[in-house]
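Okay, so here's the structure we're looking at.
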């Protein structure tokens with residue numbers, strides 16, 4: 001049932017909503033990996049969630065349109081590249097401290113995206 005709902009949500013979402021969903025899932029993966037490292041010590045869960053986070057960052061990076069996005073797209077690409085490296089390093093070292101800055105960055109990006117794009121679409 002949950003998978004059907006998720007599939008339905010994704011297939012009917014606007015492109016702007018899909019980006020928000022990616023940010024949301026990325027933040028969940030970071031939180032789960034942090035808990036797995038710091039609380040449960042389950043390195044397998046931490047690894048799986050960090051790999052998931054890396055894939056989401058890749059998807060965000062590949063969704064950028066450099067031509068339409070200009071300097072903003074270039075800056076986001078650099079941020080995504082940096083974040084991907086941090087996620088990889090955190091996974092190799094199983095160090096949750098390295099995830100805190102990434103969680104903060106993506107939390108702020110998610111909020112800015114949601115406010116400017118998703119809420120902006122409803123205001124027009």
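The values are calculated or read from the model by the stated rules, or taken from the named source; none is laboratory data. Just so we're clear, the structure is a prediction, and the values are computed from it rather than from any experiment. Positions of Cβ are generated from backbone atoms using ideal geometry, with glycine treated the same way; all protein chains shown enter the neighbour counts.
Could you please let me know if residue 74 is surrounded by fewer than 13 Cβ atoms within 10 Å (Cβ to Cβ) and either without any contact (Cβ under 8 Å) to a residue 60 or more places away in the chain or under 23 Å from residue 114 (Cβ atoms) (or both)? So residue 74 passes the test. Within region 77-94, the set of residues being surrounded by 13 or more Cβ atoms within 10 Å (Cβ to Cβ), under 26 Å from residue 35 (Cα atoms) and either in contact (Cβ under 8 Å) with a residue 12 or more places away in the chain or in contact with a strand residue (DSSP E or B) (Cβ under 8 Å, 6 or more places away or on another chain) (or both) comprises 79, 80, 83, 84, 86, 87, 88, 90, 91, 94. Scanning region 10-58 for residues that are within 13 Å of residue 109 (Cβ to Cβ) and free of Cβ contacts under 8 Å to residues at least 60 places away in the same chain yields 22, 56, 57. With respect to the stated conditions, residue 72 fails to be modelled with pLDDT under 95 and within 12 Å of residue 96 (Cβ to Cβ). Look at (1) surrounded by 18 or more Cβ atoms within 10 Å (Cβ to Cβ); (2) within 17 Å of the chain's Cα centre (by Cα); (3) over 19 Å from residue 15 (Cα atoms) and you find that residue 36 fails only one, number (2). Can we say residue 61 is on the phi < 0 side of the Ramachandran plot, touching a residue at least 12 places away in the same chain (Cβ under 8 Å) and either surrounded by fewer than 18 Cβ atoms within 10 Å (Cβ to Cβ) or in a helix (DSSP H, G or I) (or both)? Taking the combined requirement at face value, the residue satisfies it.
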